[in-house]
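Written out below as structure tokens is the structure these notes cover.
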Amino acid sequence: MEAEQKKFLLTAKKSENITEWYTQVIVNSEFVDYSAVSGMMVYRPDSYFAWDTIKEATDRMFKEVGVQDVYFPLFIPERFLTKESEHVKGFSPEVAWITHAGQSELSERLAVRPTSETIMYDSFSRWVRSWRDLPIKFNIWASVVRWEFKHPTPLLRSREFLWNEGHSAYASLEEAEAERKVILDIYEKILKDYLALPGVRGRKTDSEKFAGAIASYSIEHLMPDGWVLQGPDHHSDGQNFAKAFDIKFLDKDGAKKYVFQNTYAISTRELGAMVLTHGDDKGLVLPPKLARIQIVLVPIYNDVKKEEVLRYSRSVNESLNKSFRTYLDDRDEYSPGWKYNEWEMKGVPVRLEIGQREVDSVSVTAVRRDTGKKETVKLDQLGKFITSLLEDIHTNLYMKALKFLESHTYSVSSYDDLKKLVGSGIVQSPWCGSDKCEAKVKEETGAKITNLPSDVQDKAVGQKCIYCGEEAKFIANFAKSY
């Protein structure tokens, strides 16, 4: 029993050692677990439920804008990866290769999917003939493998992770460009409405863009330690892949042209961002929509009143589980206090405590996970109360994260000020657009440009670059990054 009790305890505090705290939380809460393969993890029921909910909601929104689901092979011939030079250069260190089937050596190495552009665009080149075949708006839900890094971290940086890959092809650049807002709006809605996560939307610099793209756009999250974690992204690929894979069509005037393409993704990294942002020293704090169990009922009784309390608890559970995801914890072998610790560690949004007092008053005691606030609720008001409470918990989580983002985003024009603030949040500063200045700031401070935020670019007018003093072209978000 002592070992069981320790399983749901944390020895690290979030404010003192967020790295150790994070590792303890995701494992001790039984959210994920390590596997026998280095850098690859197991999604346990709570984490997979959360991802499945994100997947279903995102997929539904994709379909509303005409995106269709497809599936392509896990293995990619080596000759495909070498067709687009910048793309293969960007991914070659991370590729895991298949060289044998049984005892037989393959005639060509096969890459385990690091991303699907090349295997998909070989098919696009055969499917696209006329402007009537466009646009193509495809999406796959898949896992990808990226192997080359020394310190994998579950969810944040795993060698295998789950994501969507959106791949589109259009007849014109204008159509392709218009897609970006549609997709990023969907991602932003998922982040806000399901994960309770705010983010900063903007364009990546050329040094940070996706390998093979002409421009990349991202939504970046600010974590509680002041570092930034990249969220969903959208890449404008122009005609780079179209030319490499010969994806051409006859337009309405009979002229042969290359298509314009985009790619976009959201991944299980968002679950890591959610844990880091909302969790506390008791464990996970799950947004209600992503909680596999939204309400846990804990009966409190002695031997004399046991059956009466249990009957009442079962009745309450039965009335709630028609509308909510509930669990009645009637295990005899654990004390109520032990159960409180376990369910707080697991991040269940609401706990209902039911003892003889609640039975006598025809009520329950509701405890919310995000604030710990307790409230006595009459049984005839419980359904309405829970609906409102879950909405309020979600709003509170989002607003708390948004307040932190806003209070830890700094606007500075002095390089000395930037150096002082790096590591404590996002430092917005004017930048000339030079790769050299970008690299120097990173070399000297450890901060990179996470993106060029969309909503403040007008402020660059008349300002000087934070590093070289030349005329600024952009406002850049500098931060240390995961």
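The values are calculated or read from the model by the stated rules, or taken from the named source; none is laboratory data. What you are looking at is a predicted structure, and each value in this text was computed from that prediction instead of being measured. For neighbour counting, all protein chains shown are included, and Cβ atoms are generated from backbone atoms with ideal geometry for every residue, glycine included.
Can we say ALA12 is at pLDDT 95 or above, in a loop (DSSP other than H, G, I, E, B) and out of contact with any Cys (no Cβ under 9 Å at 6 or more places or on another chain)?
So ALA12 passes the test.
Looking at the range 263-359, what helices (runs of 4 or more DSSP H) fall wholly within it and have at least 2 residues that are at pLDDT 95 or above and assigned by TED's automatic domain parsing to the domain that holds PHE49? Let's see the steps before the verdict.
On the way: elements: 269-278, 306-320, 336-346.
Of the helices (runs of 4 or more DSSP H) lying wholly inside the range 263-359, those with at least 2 residues that are at pLDDT 95 or above and assigned by TED's automatic domain parsing to the domain that holds PHE49 span 269-278.
Identify the residue in the range 221-267 that is within 23 Å of the chain's Cα centre (by Cα) and of a type in the set (A, V, I, L, M) and, among all such residues, is farthest from GLU208 (Cα to Cα).
Among them, the one singled out is MET223.
Considering every residue within the range 119-138, establish whether at least one is within 20 Å of the chain's Cα centre (by Cα) and within 20 Å of TYR264 (Cβ to Cβ).
Kept after step one, since they are within 20 Å of the chain's Cα centre (by Cα), are these residues of the range 119-138: none.
Checking the range 119-138: not a single residue is within 20 Å of the chain's Cα centre (by Cα) and within 20 Å of TYR264 (Cβ to Cβ).
Counting only residues that are closer than 20 Å to SER319 by Cβ and among the acidic types (Asp, Glu), which one in the range 337-392 is surrounded by the fewest Cβ atoms within 10 Å (Cβ to Cβ)?
For the range 337-392, the residue satisfying everything is ASP380.
Which one of these is in contact with a strand residue (DSSP E or B) (Cβ under 6 Å, 6 or more places away or on another chain) and over 23 Å from TYR22 (Cβ atoms): LYS252, LYS181, LYS209?
Selected residue: LYS209, the only one of LYS252, LYS181, LYS209 that is in contact with a strand residue (DSSP E or B) (Cβ under 6 Å, 6 or more places away or on another chain) and over 23 Å from TYR22 (Cβ atoms).
Would you please name the residue that is farthest from the chain's Cα centre (by Cα), looking only at residues in the range 393-423 that are surrounded by fewer than 14 Cβ atoms within 10 Å (Cβ to Cβ) and among the small types (Gly, Ala, Ser)?
Applying the filter and picking the extreme gives SER414.
Are there any pairs, at least 6 apart or on different chains, whose C-beta atoms fall under 8 Å, with the first in the range 306-323 and of a type in the set (Asp, Glu) and the second surrounded by 15 or more Cβ atoms within 10 Å (Cβ to Cβ) and not in a loop (DSSP other than H, G, I, E, B), and if so, which?
Pairs that qualify, where the first residue is of a type in the set (Asp, Glu) and the partner is surrounded by 15 or more Cβ atoms within 10 Å (Cβ to Cβ) and not in a loop (DSSP other than H, G, I, E, B), are GLU308/GLN356; GLU308/VAL359.
Could you list all residues from the range 434-469 that are hydroxyl-bearing (Ser, Thr, Tyr), part of a loop (DSSP other than H, G, I, E, B) and more than 17 Å from LEU421 (Cα to Cα)?
Result: SER434, single match.
If I ask for residues that are over 23 Å from MET274 (Cα atoms) and crowded, with 19+ Cβ neighbours inside 10 Å, which ones from the range 28-71 would you list? I'd like the intermediate steps shown before the answer.
The first filter runs over the range 28-71 and keeps only residues over 23 Å from MET274 (Cα atoms), leaving 36-38, 63-71.
Listed by number, the list holds a single entry, VAL67.
Restricting attention to the range 363-374, which residues are under 33 Å from the mean Cα position of the chain (by Cα) and at negative phi?
Of everything in the range 363-374, those that are under 33 Å from the mean Cα position of the chain (by Cα) and at negative phi turn out to be ALA366, VAL367, ARG368, ARG369, ASP370, THR371, LYS373, LYS374.
Which of the residues belonging to the range 204-224 are in contact (Cβ under 8 Å) with a residue 24 or more places away in the chain, buried (at least 20 other Cβ atoms within 10 Å of the Cβ) and not β-branched (Val, Ile, Thr)?
Scanning the range 204-224 gives LYS204, LYS209, PHE210, GLY212, ALA213, TYR217, SER218, GLU220, HIS221, LEU222, MET223.
If THR115 satisfies all but one of (1) assigned to a loop (DSSP other than H, G, I, E, B); (2) surrounded by fewer than 12 Cβ atoms within 10 Å (Cβ to Cβ), what's the number of the condition it fails?
Answer for THR115: the failing condition is (2).
List the helices (runs of 4 or more DSSP H) inside the range 15-102, counting only whole elements, that have at least 2 residues being closer than 30 Å to MET345 by Cα and in contact (Cβ under 8 Å) with a residue 40 or more places away in the chain.
Working: elements: 18-28, 45-64, 78-81, 85-91.
Where helices (runs of 4 or more DSSP H) fall fully within the range 15-102 and carry at least 2 residues being closer than 30 Å to MET345 by Cα and in contact (Cβ under 8 Å) with a residue 40 or more places away in the chain, they are 18-28, 45-64.
In the list VAL427, VAL377, which residue meets the criterion of being farther than 16 Å from LYS480 by Cα and either charged (D, E, K, R) or at pLDDT 95 or above (or both)?
VAL377
Where residues in the range 157-179 are out of contact with any Phe, Trp or Tyr (no Cβ under 6 Å at 6 or more places or on another chain), outside any strand (DSSP E or B) and touching a residue at least 24 places away in the same chain (Cβ under 8 Å), which of them is nearest to GLU94 (Cα to Cα)?
Here the residue is SER158.
Could you grab the pairs with beta carbons closer than 6 Å, sequence gap of 6+ or different chains, first residue in the range 340-359 and over 18 Å from VAL309 (Cα atoms) and among the charged types (D, E, K, R), second one at pLDDT below 95 and not in a helix (DSSP H, G or I)?
Sorted first by the residue in the range 340-359, then by its partner, the pairs are GLU342/PHE8.
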